[in-house]
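Every read-out reported here was derived from the displayed coordinates using simple, explicitly stated rules and does not represent laboratory data. Everything numeric in this text was worked out from a predicted model, so none of it was measured. A quick note on method: Cβ atoms are made from the backbone with ideal geometry, for glycine too, and the neighbour counts reach across all protein chains shown.
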Amino acid sequence: MENFVFYNPVKILFGKGQIAKIAAEIPADARILVTYGGGSIKTNGVYDQVKLVLAGRNVTEFGGIEPNPHLETLLKAVEVVRKEGIDFLLAVGGGSVLDGTKFIAAAVPFVGDPWDILAKQASVTAAVPFGAVLTLPATGSEMNTNSVVTKWETQEKLYFSSPLVFPRFSVLDPETTFSLPPRQISNGIVDAYTHVMEQYLTYPVNAPLQDRMAESILKTLIEEGPKTFANPQDYDARANIMWCATMALNGLIGVGVPQDWATHMIGHELTALHGLDHAQTLAIVLPSTLTIRRDRKWQKLLQYAERVWGIVDGSEETRITDAIAQTRNFFESVGVRTRLADYGVGLDTIPVIIDRFEKRGFVALGEHQDVNPEVVEKILALSL
Ligand code: NZQ
Ligand code: ZN
């Protein structure tokens with residue numbers, strides 16, 4: 001196992017009715033900005049619950065944060081925070097609202113152009129404190145330090161990470177997810193699954209606990225995911241999916257092990273250029289990444305085949321091929337298509353993506369840093 005430092009201070013309030021507890025988590029005299037997305041919270045009762053618990057408090061609202069949150073929108077919120085003297089943010093929504101709020105939190109005290117936080121990885125030295133009420137299990141944003149923001153003007157989707165943007169608390173009430181449309185349930189399952197794969201499906205470093213935790217999350221997603229479609233009001237299935245998604249990217253399974261993330265980096269370009277949902281891009285890129293890089297991931301692919309899919313018969317080659325096919329089938333079975341062509345994207349996107357990587361001073365991706373432009377090209381070509 002590699003050396004590691006693990007730190008995660010996020011307080012999780014899990015379960016039905018927990019939104020009622022947030023009043024005690026926010027300083028009594030705080031000037032609060034409640035941030036949210038396109039309005040789902042107003043139709044599923046979450047907004048009303050938040051309003052009720054914050055009644056009598058100093059609350060301003062900022063709605064309209066888009067999926068794949070736009071820099072341009074978030075900068076408007078930064079202005080509001082500065083002008084109104086807001087000193088606490090409450091993000092209510094999915095990963096986009098949480099990520100957007102992390103950016104707002106870091107941008108408010110930032111001196112200079114806040115886009116530099118993402119484009120130049122400028123260091124974040126202060127941030128407005130914030131809490132979250134999560135309504136879409138997928139990203140793990142509720143318990144991590146990451147934020148992904150899109151600059152609409154240039155169609156660039158970039159990320160930053162800072163311990164200063166850990167939420168102070170996150171409410172995970174599975175009942176808030178009952179209203180999710182099937183597409184977002186599907187997206188959440190595929191995103192969480194891929195987060196685990198990025199940290200697990202690399203090469204062995206004798207870290208059996210991390211491996212088994214990762215495999216447990218994968219198996220739970222495979223078992224519980226379909227239940228949420230069969231019965232959208234299945235509280236236990238929703239609760240299990242929600243906790244899986246949080247555990248998939250709160251840092252725990254990734255400690256002391258190599259990590260890949262090539263699928264995500266390529267996927268972000270597909271979202272930026274073609275507007276695909278984040279999880280759709282992962283469902284397209286992950287099976288191809290595993291196929292093209294199977295030689296370097298050989299041992300872990302065999303372990304994955306056996307422990308997650310129960311594949312023990314046949315040659316090593318066949319078992320690996322089967323495990324990758326099972327992964328693709330699983331994504332398709334929960335409703336996410338796995339080919340570029342399914343989304344009307346052609347091979348002409350490849351040179352554009354390579355060019356963008358190179359202009360940004362591309363550092364080869366993957367756990368061995370060997371996913372260079374030629375490998376990216378092969379992965380995308382296989383994804384058609
Ligand atoms: O905007 P509203 O009206 O709220 O509707 C949203 C949105 O249209 C809707 N929704 C959310 N909760 C709902 C609901 N509809 C009904 N009932 C509910 N309970 O779902 C739509 C998608 O929401 P969004 O927040 O965009 O989805 P998700 O949570 O999948 O977040 C995706 C974003 O997170 C980034 C992605 O790149 C993407 O920008 N990621 C963030 C990560 C992180 N912070 O660690 C890691 C991930 O890999 C990912 O990159
Ligand atoms: Zn993701």
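Miscellaneous remarks
- For region 131-175, the list of GluC sites (Glu not before Pro) that fall in a loop by DSSP and count at most 13 other C-beta atoms within 10 angstrom reads E153.
- If you run the Gaussian network model on the chain, springs between alpha carbon atoms under 10 Å, then out of K151, K76, K300 the most flexible one is K76.
- Computed helical MRE - 222 nm, the chain, DSSP H runs ≥ 4 contributing -39500 (n - 2.57), nearest 500: -14500 deg cm²/dmol
- Antiparallel DSSP beta bridges within the chain, percent to nearest 5: 25
- The chain: equivalent-ellipsoid semi-axes (sqrt of 5 x gyration tensor eigenvalues, Cα, Å): 34, 24, 19
- Among F362, F14, F331, residue whose mean-square fluctuation peaks in a GNM of the chain (springs only between Cα atoms under 10 Å): F362
- Each of L286, F331, P129 was scored by the projection of its Cα onto the charge dipole of the chain, and the greatest displacement toward the positive side belongs to P129; charges sit on the C-beta of Lys, Arg, Asp and Glu.
- Overall, the anisotropy analysis places region 182-382 in the oblate class: the square-rooted eigenvalues a ≥ b ≥ c of its C-alpha gyration tensor yield a/c not less than 1.5, with a/b not exceeding b/c.
- Between 0 and 90°, nearest 10: helix 235-248 axis offset from the chain longest Cα axis: 80
- A straight line joining the Cα centroids of region 170-203 and region 207-248 runs 8 Å.
- Unit charges at the beta carbon, dipole of region 11-176: most positive-side option, G100, F169, V148: F169
- Separation of alpha-carbon centers, region 60-87 and region 7-36, rounded to whole Å: 19
- The chain: most fluctuating residue of E317, E269, E198 per GNM, C-alpha cutoff 10 Å: E317
- Crossing angle, helix 208-230 versus the chain [Cα axis fit, 0-90 degrees, rounded to tens]: 70
- When the alpha carbon gyration tensor of region 11-176 is reduced to an equivalent ellipsoid, its three semi-axes come out at 24, 17, 14 angstrom, largest first.
- Considering only beta bridges that DSSP places wholly inside region 11-176, some 20 percent are antiparallel.
- Cα lying deepest toward the dipole's positive end in the chain, options V81, A28, V257, charges on Cβ: A28
- With kT/(6 pi eta Rh) evaluated at 25 °C and eta = 0.890 mPa s, and Rh the Kirkwood radius from Cα pairs, region 105-232 diffuses with a coefficient of 144 µm²/s according to Stokes-Einstein.
- Mean projected area of the Cα convex hull of region 208-267, taken over all directions, amounts to 4.8 nm².
- Restraint check, K102/K297; K16/K219; K151/K359; K219/K297; K11/K102, Cα-Cα greater than 26 Å: K102/K297
- Qualifying trypsin sites (Lys or Arg not before Pro) in region 162-254, DSSP loop, other Cβ atoms within 10 Å at most 15: none
- Under a model in which nothing but the beta-carbon of Lys, Arg (+1) and Asp, Glu (-1) is charged, region 292-384 shows a dipole of about 260 debye around its Cα centre.
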